[in-house]
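What follows is a single structure, written as structure tokens, with notes after it.
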Amino acid sequence: MGQTEEYFIVRKQALPEVLQKVVDAKRLIDSGKVKSVNEAIKKVDISRSSFYKYKDDISPFQQNSRGKTLTIMLQLDDEPGLLSEVLKGIAKSNANVLTINQTIPIGGIASITISMQINEETKNPEIILSNLKKLSFVHYIKLLGSE
């Protein structure tokens, strides 16, 4: 059996400095204030290896997630009905799908970007991502943004 992912909420002060710097570097990149990962890691003074080691494992907690828009990107097998299963999973979490964009599948893998609106009835965004990751046909998933 596969392990389930665990999430923790910790105060910033309790995080090791390297994790705080990874978040700072990601913010610089996402905001467009820097043009490259290299530039971001130099500004926050961390190594490239530290950035890549932790970048997918740390994100700032969004305190007020009511009425927010989440955008995720995922890659899944290109077979009939699989996107429908992803959308069912999102619907079960009480999120409202706003947009879906799918690229032309390459090598039997489809890349899809989905924007969804979440509100107070929506399950925690991390739970949505975790549940989608459990689907056997989903190869990659990433939270691209939250507004």
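Step by step: first the residues of segment 118-147, then only those that are open to solvent by 60 Å² or more (accessible area, probe 1.4 Å) and of a type in the set (A, V, I, L, M), then the one that is farthest from Asp56 (Cα to Cα). Which residue is that? So the residue we want is Ile127. Do we find a residue being open to solvent by 60 Å² or more (accessible area, probe 1.4 Å), under 18 Å from Ser130 (Cβ atoms), under 19 Å from the mean Cα position of the chain (by Cα) and among the polar types (S, T, N, Q) anywhere in segment 64-72? So far as segment 64-72 goes, no, none of its residues is open to solvent by 60 Å² or more (accessible area, probe 1.4 Å), under 18 Å from Ser130 (Cβ atoms), under 19 Å from the mean Cα position of the chain (by Cα) and among the polar types (S, T, N, Q).
Residues are listed down the side, and each one gets a yes or a no for (1) free of Cβ contacts under 8 Å to residues at least 40 places away in the same chain; (2) closer than 29 Å to Lys12 by Cβ; (3) assigned to a strand (DSSP E or B):
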| position | (1), (2), (3) |
| --- | --- |
| Leu70 | no, yes, yes |
| Met73 | no, yes, yes |
| Glu121 | yes, yes, no |
| Leu129 | no, yes, no |
| Ser136 | yes, no, no |
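Scanning segment 90-114 for residues that are in a strand (DSSP E or B) and either open to solvent by 40 Å² or more (accessible area, probe 1.4 Å) or touching a residue at least 40 places away in the same chain (Cβ under 8 Å) (or both) returns Asn96, Val97, Leu98, Thr99, Ile100, Asn101, Gln102, Ile106, Ile109, Thr113, Ile114. For segment 17-41, a tally of residues being open to solvent by 50 Å² or more (accessible area, probe 1.4 Å) and among the aliphatic types (A, V, I, L, M) returns 1.
Identify, from the list Ile112, Ile29, the residue that is within 26 Å of Tyr7 (Cβ to Cβ) and at pLDDT 95 or above. From the options Ile112, Ile29, the qualifying one is Ile112.
Can you pull out the residues in segment 28-50 that are touching a residue at least 24 places away in the same chain (Cβ under 8 Å) and assigned to a helix (DSSP H, G or I)?
The answer is Asp30, Ser50.
Flag: Val23 matches the condition of being assigned to a helix (DSSP H, G or I), under 12 Å from Ser59 (Cβ atoms) and among the aliphatic types (A, V, I, L, M).
The values are calculated or read from the model by the stated rules, or taken from the named source; none is laboratory data. For clarity, every value in this text was computed on a predicted model and none was experimentally measured. Here Cβ is always computed from backbone atoms with ideal geometry, including for glycine, and neighbour counts include all displayed protein chains. We work out accessible area using only protein heavy atoms, side chains counted, and drop any ligands, DNA or RNA first. Shrake-Rupley method; radii C 1.70, N 1.55, O 1.52, S 1.80 Å.
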